[in-house]
Amino acid sequence: MVDATDIEAILAAVDDLHRQDPRGAELDYAERMSHWLGVLDESPSASLTIAVRAQHLKRWECPRSAYPAGRAGYLQWRRNAARHHARLVADLLESLGCEQVFADRVRLLVEKRAKDADGQTLEDCACLVFLETRLAEFKGEHAATDVERILGQTWKKMSPRARELAQARALV
């Protein structure tokens, strides 16, 4: 069983890995993910709390530039990156003495294979962080038709609650 003290220790270990980011961006991303989790869920499960914080664990080790341009390359990168992040956090959890079933649940969430309320909440956090931090830059980097398509896909992935929050905070 993972208790509050364990969660704090795990989050600290995850954040120590985020601090290794040569670009210095991943800790901020992780903190924003946790912020949105707090807005969306007053009492998230331990596995969701960890998965949200570790979603991009050591992302710099799996750069987008290592994959072909275009949608197919993007999807391949995203799939491989999720597996990479999930493997790293599961290994970390195991090294900290967490039960295998807990590590497996976190891994499932980070890989975005959990088709349940926790999986949806993680997706909502990721979408809200994207809208909050990357949308403006994204608009400047892509054609209007691509932006419209990506926004539509993002909107479809979001729960009604996350959509309400995005609109209320003028993220879209």
**Asked** Picking from 101, 106, 14, which residue would you name as being touching a Cys at 6+ places or on another chain (Cβ under 9 Å) and farther than 24 Å from residue 150 by Cα?
**Response** 106
**Item:** Lone unmet requirement of (1) open to solvent by 60 Å² or more (accessible area, probe 1.4 Å); (2) in contact with a Lys or Arg (Cβ under 8 Å, 6 or more places away or on another chain) for residue 14
**Value:** (1)
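So which residues in segment 152-172 are open to solvent by 50 Å² or more (accessible area, probe 1.4 Å), part of a helix (DSSP H, G or I) and among the hydrophobic types (A, V, I, L, M, F, W, C), if there are any at all? Step through it out loud before you land on a result.
Pass one, segment 152-172, residues open to solvent by 50 Å² or more (accessible area, probe 1.4 Å): 153, 155-157, 160-161, 163-164, 167-170, 172.
Checking the rest, the ones that are also part of a helix (DSSP H, G or I) come to 153, 155-157, 160-161, 163-164, 167-168.
155, 168, listed by residue number.
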**Request:** Might you check whether a residue that is in contact with a Pro (Cβ under 9 Å, 6 or more places away or on another chain) and open to solvent by 20 Å² or more (accessible area, probe 1.4 Å) occurs anywhere in segment 75-86?
**Result:** yes
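Going by what's in this entry, would residue 134 be described as over 18 Å from residue 34 (Cα atoms), modelled with pLDDT under 95 and open to solvent by 50 Å² or more (accessible area, probe 1.4 Å)? Can you show your working first?
Details: over 18 Å from residue 34 (Cα atoms): no; modelled with pLDDT under 95: yes; open to solvent by 50 Å² or more (accessible area, probe 1.4 Å): yes.
Judged against the criteria, residue 134 is not a match.
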**Message:** Here's a check for you: in segment 46-72, which residue that is assigned to a loop (DSSP other than H, G, I, E, B) and buried (at least 17 other Cβ atoms within 10 Å of the Cβ) is farthest from the chain's Cα centre (by Cα)?
**Reply:** 67
**Fill in**
Of the residues in segment 10-23, those that are in contact (Cβ under 8 Å) with a residue 60 or more places away in the chain and within 15 Å of residue 102 (Cα to Cα) come to 10
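Tell me the residue from 27, 11, 17, 37 that is modelled with pLDDT of 95 or more, within 16 Å of the chain's Cα centre (by Cα) and under 20 Å from residue 158 (Cβ atoms), please.
37
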**Residue pairs meeting the criteria (Cβ under 9 Å; at least 6 apart or on separate chains; first touching a residue at least 40 places away in the same chain (Cβ under 8 Å), in segment 24-52; second of a type in the set (Phe, Trp, Tyr))** = 46/102; 47/102; 50/102; 52/36
**Prompt:** So which residues in segment 93-131 are open to solvent by 30 Å² or more (accessible area, probe 1.4 Å) and in a loop (DSSP other than H, G, I, E, B)?
**Reply:** 96, 97, 99, 111, 112, 113, 115, 116
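The values are calculated or read from the model by the stated rules, or taken from the named source; none is laboratory data. Note that this is a predicted model, so its numbers are computed, not measured. Positions of Cβ are generated from backbone atoms using ideal geometry, with glycine treated the same way; all protein chains shown enter the neighbour counts. Heavy atoms of the whole protein, side chains included, go into the accessibility calculation; ligands, DNA and RNA do not. Shrake-Rupley method; radii C 1.70, N 1.55, O 1.52, S 1.80 Å.
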